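See below for the structure under consideration.
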Amino acid sequence: MRLRVGLLLCLLTVFLGAGCRKALEPTADNNQAPETWITAAPQDSITTRNQLGQPVSPVITRIPVRFHLYWAGSDRDGAVSGYYWAVVETLATPPGDGLPIPNLPGPKASDYHFTTRSDSTFIFRASEDVSEREHAFYVYAVDNKGKPDPTPARFIFRAYDRFPPEPIVDIARATGTIYTLTGAGVVASTEVKFILDFFEIERPFPRDTVPTGSELFFQWHGEPTIPGSHVLGYRYRLDESSFNVVDSSVHSVTYNGGPGTPAVAPGVKRFTLRAVGESGWRGQTTRYFQMNYAPDSWYSGPDPNDPVAGWSTYTDGNGKRYWYKDVANWSTFNGIPGTLLGADSALVLPAARTERRTFFEIYKDRIWAHEEGDTVHLNSWVVFPAGGTDKDSPYRAKVGVDPNKPVGPVTTVATANGSPVAFRSQVLTVQLDGNPARPSETTSFPVFDIASVYHSPHILPYSGMSVSGAAYAYAIAEDGDGTVDRRIMRVSGRQDSVAYYADVLGIQSAQQVRSKILKFYVNHAPFLKTGDPAFRPAIPNGAGTRATIARTSTFNILADDLDPIDYNVTIQRVGGPQSGVSPVLIRTIDIWGKNSAGRDTSYNVATDLDVASISVTIPTYIVPGIIYVRIRLADNRTSDVAHGARLLRAPDRNGVVQNYYEYPVTLSAPGPEDASIGAAPSTQRPGSPLSSGRRQ
């Protein structure tokens with residue numbers, strides 16, 4: 001009984017279980033994914049593998065930004081219904097702070113676009129900053145059942161744009177006012193200037209100049225350089241910190257045109273115009289110009305022939321005439337009439353000053369009127385009055401609160417009057433050892449404002465001349481807009497170079513600005529007092545007689561210096577010699593004569609002798625007869641190298657050495673010893689005949 005019941009329960013369980021079971025899903029995918037590849041482009045960079053089947057890093061290919069791509073797909077168990085494609089790009093330029101350009105990003109779902117085509121012409125993006133940019137193109141096929149290719153084809157490349165649109169400036173025009181000083185006063189006129197110059201890195205100064213405050217008008221258009229392309233927009237700027245962005249319908253802009261137009265300050269300007277193409281890369285052109293005419297500069301020194309000034313004159317032994325004026329009392333000195341060394345400096349505007357290449361020297365209680373090439377005293381003041389003209393800037397005189405300000409047109413703010421408002425100056429001195437002494441250029445003057453750190457209450461350029469050598473001075477004008485006449489610096493940074501280029505090499509650009517430089521010499525050469533009866537050995541007189549000396553004699557080499565300085569003693573002031581200091585007069589004495597063989601020979605008596613009197617014993621290897629005494633004279637010690645070395649080549653007004661003297665005397669003495677015994681080696685004088693001595 002139990003057996004039958006158990007069997008029945010087992011059958012019932014099997015029956016119920018069989019009635020509740022669900023149908024099983026198939027375990028095989030009957031739809032295979034399609035395959036995709038790029039056909040008309042470099043090899044698919046995802047599927048590139050080496051012989052071992054290992055992936056190979058893709059070779060980055062360069063293609064034009066406008067490029068026709070082809071791709072294809074296939075499906076083994078169906079058909080390809082379409083494609084999804086995407087383009088990604090990296091940054092055009094590094095993000096900054098020394099960071100590199102990041103790698104290409106992967107495409108997002110939103111980057112993909114569907115198409116049923118298997119080719120298309122793409123315009124890839126560059127940027128305004130660079131013409132080449134890295135991209136990646138992805139494409140994958142989708143079959144008729146909606147299944148995508150899980151391994152999209154990928155093409156990594158650099159797209160470059162060599163043919164951006166060309167921007168063309170049709171009009172670049174400046175319209176402004178210029179001022180000309182005439183006999184009837186300042187005359188204003190309108191100047192229209194068309195700007196044609198392009199900016200070039202190797203040329204820092206523009207060729208075109210327009211009046212300050214001019215109204216500037218620029219008009220342009222763009223021309224595509226690839227058929228079928230077009231200009232998307234323009235970018236332009238002048239003084240702006242960033243480009244103005246406009247679309248392709250905007251073709252002009254006006255500056256300084258009144259309310260609502262951008263204002264432009266004076267200075268060197270560069271208008272930049274860009275035409276942006278479909279890739280984002282742009283063509284660019286410029287217009288390069290200077291807004292504000294630089295002032296002109298000249299010298300306006302004294303007129304030595306003006307009888308009103310009251311000059312005294314004298315003529316030196318070379319026939320050179322000099323003009324001077326003594327000052328009895330500086331506290332009551334009112335200047336020199338008819339010159340800018342007086343009240344006229346505040347009354348006569350720079351444009352009305354007569355051009356004269358002369359200058360003043362002040363030494364002790366005397367004022368000299370000099371011309372270029374003269375020699376001035378060491379430790380003197382030189383004053384070189386300047387004039388100039390300016391055609392377009394207001395007369396913004398640099399004045400403020402100053403109770404000592406001289407009153408006159410020069411110190412009064414006014415509208416444009418044809419004159420610059422200030423000057424700057426510098427004197428470069430090429431020392432006798434060839435090294436330049438070059439102080440800094442002065443700040444602008446005159447500046448009459450006691451509250452200003454640039455307070456310079458003087459109208460004329462001046463400089464203290466405490467270094468010996470050839471001096472090159474300039475005074476250059478500055479106009480009311482702050483533009484300085486820099487033509488000298490454009491030729492060369494040094495005045496002596498400009499003079500050399502102009503005077504020696506004949507370079508035209510230097511000759512054009514040579515008149516802006518004054519060349520003169522500093523330090524009168526020391527001189528022998530040969531006319532003093534105590535001078536020994538005496539100089540031959542006009543009758544040709546010679547002094548006779550014994551083999552042992554006393555030489556008394558008397559000398560003097562017009563402008564002595566002792567660098568071992570502190571220089572108290574500029575404008576005269578040091579007080580309480582004897583002149584530094586350094587003598588080198590040599591004897592030239594014949595030995596017993598008739599050959600030239602010499603004997604050094606003294607080197608760097610700082611006293612006048614010395615006992616001399618002429619060696620016996622120099623035979624009696626006519627001998628020559630050579631005296632070299634310096635006004636500086638050998639140890640004073642820092643002050644331009646010794647003045648053995650002190651130039652006169654023509655640059656000629658004049659500080660040594662050689663003259664004959666008669667040696668009366670017993671006969672010579674054998675020249676081969678104990679005698680110094682004989683030295684033949686360069687260029688001298690063996691038969692007789694001669695004066696050099």
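Taken together, the values in this text are just the output of simple stated rules run on the coordinates, not laboratory data. Bear in mind that the values here come from a model prediction, so they are computed numbers and not experimental data. Heads up, the Cβs are rebuilt from the backbone with ideal geometry, glycines too, and the neighbour counts pull from every protein chain shown.
Assuming a viscosity of 1.306 mPa s and a temperature of 10 °C, what translational diffusion coefficient in µm² per second does Stokes-Einstein assign to the range 311-453, Rh being the Kirkwood radius over Cα pairs?
Taking Rh from Cα pairs, D becomes 90 µm²/s.
List the extent of the Cα atoms of the chain along each of their three principal axes, largest first, rounded to whole Å.
177, 82, 59
Mind pulling up the Rg/Rh value for the range 432-574? Radius of gyration and Kirkwood radius, both on Cα. Don't skip to the end; give the middle numbers.
Working: Rg = 23.5 Å, Rh = 20.1 Å.
Rg/Rh for the range 432-574 comes to 1.17.
Per residue of the range 163-175, in order, report the coupling 6.51 cos²θ - 1.76 cosθ + 1.60 (Karplus, θ = phi - 60°) as ³J(HN,Hα) in whole Hz, putting x for Gly and Pro.
10, x, x, 9, x, 10, 7, 7, 9, 10, 10, 10, 10
Taking the Cα of VAL401, stepping 7 Å toward and past its beta carbon, and measuring to each backbone N in the range 436-464: which are under 20 Å?
Only 447-458 pass the distance filter.
Once amide H atoms are placed 1.01 Å from N in the peptide plane, what residues at a sequence separation of 5 or more from PHE423, or on another chain, have their amide H within under 5 Å of its amide H?
PHE445, GLU478
Over the range 286-363, what portion of Cα pair distances is larger than 22 Å, expressed as a whole percent? Please list the in-between numbers first.
On the way: 1214 of 3003 pairs.
When all Cα pairs of the range 286-363 are counted, 40 percent exceed 22 Å.
Show me the ranking of peptides 340-347, 552-559 by mean Cβ neighbours inside 10 Å, starting with the highest.
On the way: 340-347: 18.8, 552-559: 17.2.
So the peptides 340-347, 552-559, ranked by packing, come out 340-347, 552-559.
Would you work out the charge dipole size for the chain about its Cα centre, treating the Cβ of every Lys and Arg as +1 and the Cβ of every Asp and Glu as -1, and quote it to the nearest 20 debye? Walk me through the numbers on the way to the answer.
Numbers: 66 positive and 69 negative charges, 228 e Å.
Rounded to the nearest 20 debye, it is 1100 debye.
For a quick check: with amide H placed at 1.01 Å from N, whose amide H comes under 5 Å from ALA386's, ignoring anything fewer than 5 positions away on the same chain?
Those qualifying (amide H under 5 Å, at least 5 residues apart or on another chain) are SER300.
Let me check the size of the range 166-291 from its C-alpha atoms; what are the radius of gyration and Dmax in Å?
Taking only Cα atoms of the range 166-291, I get Rg and Dmax of 16.6, 63 Å.
Pairs LYS325/LYS519; LYS325/LYS516; LYS320/LYS519: which exceed 20 Å Cα-Cα? Present the calculation step by step, with values, prior to reporting the outcome.
On the way: LYS325/LYS519 22 Å; LYS325/LYS516 26 Å; LYS320/LYS519 17 Å.
Where the Cα-Cα span goes over 20 Å, the pairs concerned are LYS325/LYS519; LYS325/LYS516.
Within 10 Å of each residue's Cβ, count the other Cβ atoms and sort MET465, MET489, MET291 from fewest upward. Walk me through the numbers on the way to the answer.
Working: MET465 25, MET489 16, MET291 29.
Final ranking by Cβ density, sparse to dense: MET489, MET465, MET291.
Just the Cα atoms of the range 228-374: what Rg and Dmax do they give in Å?
So, for the range 228-374, Rg and Dmax equal 29.5, 90 Å respectively.
Find the relative contact order for the chain and round it to a whole percent, using C-alpha pairs within less than 8 Å whose residues are 6+ positions apart.
In percent, rounded to a whole number, it is 8.
If each residue's Cβ is checked for other Cβ atoms within 10 Å, how do GLU278, GLU128 rank with the fewest at the top? Please report the intermediate quantities before stating the final value.
Working: GLU278 21, GLU128 17.
Lowest count first: GLU128, GLU278.
Roughly speaking, what is the stretch gain from LYS320 to SER440, that is 0.36 nm per residue apart minus the C-alpha to C-alpha distance, in nm to one decimal? List each step's numbers first, then the result.
Details: separation 120, 0.36 × 120 = 43.20 nm, distance 3.35 nm.
Full-extension gain reported as 39.8 nm.
Can you give the Rg and Dmax of the range 159-224 based on its C-alpha atoms, in angstrom?
Just the Cα atoms of the range 159-224 yield Rg and Dmax of 17.7, 67 Å.
For the charge dipole of the chain, defined by +1 on Lys and Arg C-beta atoms and -1 on Asp and Glu C-beta atoms about the Cα centroid, which residue among TYR322, VAL139, ALA414 has the Cα displaced farthest towards the positive pole?
Farthest along the dipole direction, towards plus: VAL139.
Sort SER444, SER582, SER248, SER331 so the one with the fewest other Cβ atoms within 10 Å of its own Cβ comes first. Let's see the in-between values first.
Working: SER444 19, SER582 11, SER248 15, SER331 4.
The order, fewest Cβ neighbours first, is SER331, SER582, SER248, SER444.
Relative to the present Cα-Cα distance, how much length would full extension add between VAL130 and VAL611 at 0.36 nm per residue of separation? Intermediate values should be presented prior to the final figure.
Values: separation 481, 0.36 × 481 = 173.16 nm, distance 7.80 nm.
Contour length minus the Cα-Cα distance gives 165.4 nm.
Among 295-304, 611-620, 467-476, how do they line up by average Cβ neighbours within 10 Å per residue, starting with the highest? Don't skip to the end; give the middle numbers.
Numbers: 295-304: 23.2, 611-620: 14.9, 467-476: 24.7.
Packing order, densest peptide first, comes out as 467-476, 295-304, 611-620.
Please report the net charge: other residues with Cβ closer than 12 Å to the Cβ of ARG356, K and R +1, D and E -1. Before the final figure, lay out each step's value.
Working: positive: ARG353, ARG357; negative: ASP303, ASP306, GLU355, GLU371, GLU372.
Charge balance in the 12 Å sphere: -3.
Round to the nearest 0.05 the FRET efficiency obtained for THR115 and VAL268 when R0 = 30 Å and r is the Cβ-Cβ distance.
Details: r = 53 Å, r/R0 = 1.78.
After rounding to 0.05, the efficiency reads 0.05.
How do the peptides 535-541, 315-321 rank, highest first, by the average count of neighbouring beta carbon atoms within 10 Å per residue? Don't skip to the answer; put the middle values down first.
Numbers: 535-541: 16.7, 315-321: 9.3.
Descending packing order for the listed peptides: 535-541, 315-321.
Tell me, what is the FRET efficiency for GLN51 and GLN219 to the nearest 0.05, using R0 = 60 angstrom and their Cβ-Cβ distance as r?
Numbers: r = 63 Å, r/R0 = 1.06.
In this case the efficiency is close to 0.40.
Using +1 at the Cβ of each Lys and Arg and -1 at the Cβ of each Asp and Glu in the range 89-166, identify which of PHE157, PRO94, TYR112 lies farthest towards the dipole's positive end.
TYR112
Please give the calculated 222 nm ellipticity per residue for the chain, where each DSSP H segment of at least 4 residues contributes -39500 (n - 2.57) and the sum is spread over every residue; nearest 500 deg cm²/dmol?
Numbers: 5 runs with 40 residues, N = 696.
-1500 deg cm²/dmol, from helical runs alone.
Between GLN572 and LEU558, how many nm apart are label points set 7 Å from Cα along the C-beta direction?
2.7 nm
Using the Karplus curve 6.51 cos²θ - 1.76 cosθ + 1.60 with θ = phi - 60°, what ³J(HN,Hα) values do you get for each residue of the range 449-460, in whole Hz, with x for Gly and Pro?
With the stated coefficients, the range 449-460 comes to 7, 5, 8, 9, 5, 9, 4, 9, x, 9, 9, 9 Hz.
Quick one: Cα centre-to-centre distance for the range 149-174 and the range 405-460, in angstrom?
54 Å
Compare the Cα positions of HIS524, ASN556, ALA188 along the charge dipole of the chain (+1 at Cβ of Lys, Arg; -1 at Cβ of Asp, Glu; about the Cα centre) and return the one farthest towards the positive end.
Of the options given, the answer is ASN556.
Suppose every K and R has +1 on its Cβ and every D and E has -1 on its Cβ; what is the size of the dipole of the range 526-569 about the Cα centre, in Debye to the nearest 20?
On the way: 4 positive and 5 negative charges, 94 e Å.
With Lys and Arg at +1 and Asp and Glu at -1, about 460 debye.
Would you grab the residues whose amide H sits under 5 Å from the one on ALA559? Only those 5+ places off in sequence or on another chain, please, with H modelled 1.01 Å from N.
LYS529
Could you list the trypsin sites (Lys or Arg not before Pro) in the range 101-202 that lie in coil according to DSSP, counting only those with at most 10 other Cβ atoms within 10 Å of their Cβ? The partial results should precede the final answer.
Working: sites: LYS108, ARG117, ARG125, ARG133, LYS145, ARG154, ARG158, ARG162, ARG173, LYS193; in loops: LYS108, ARG117, ARG125, LYS145, ARG162.
Counting only loop positions with at most 10 other Cβ atoms within 10 Å, the trypsin sites (Lys or Arg not before Pro) in the range 101-202 are LYS108, ARG117.
Quick check: the angle from helix 2-20's long axis to the longest principal axis of the chain, C-alpha only, nearest 10 degrees?
50 degrees
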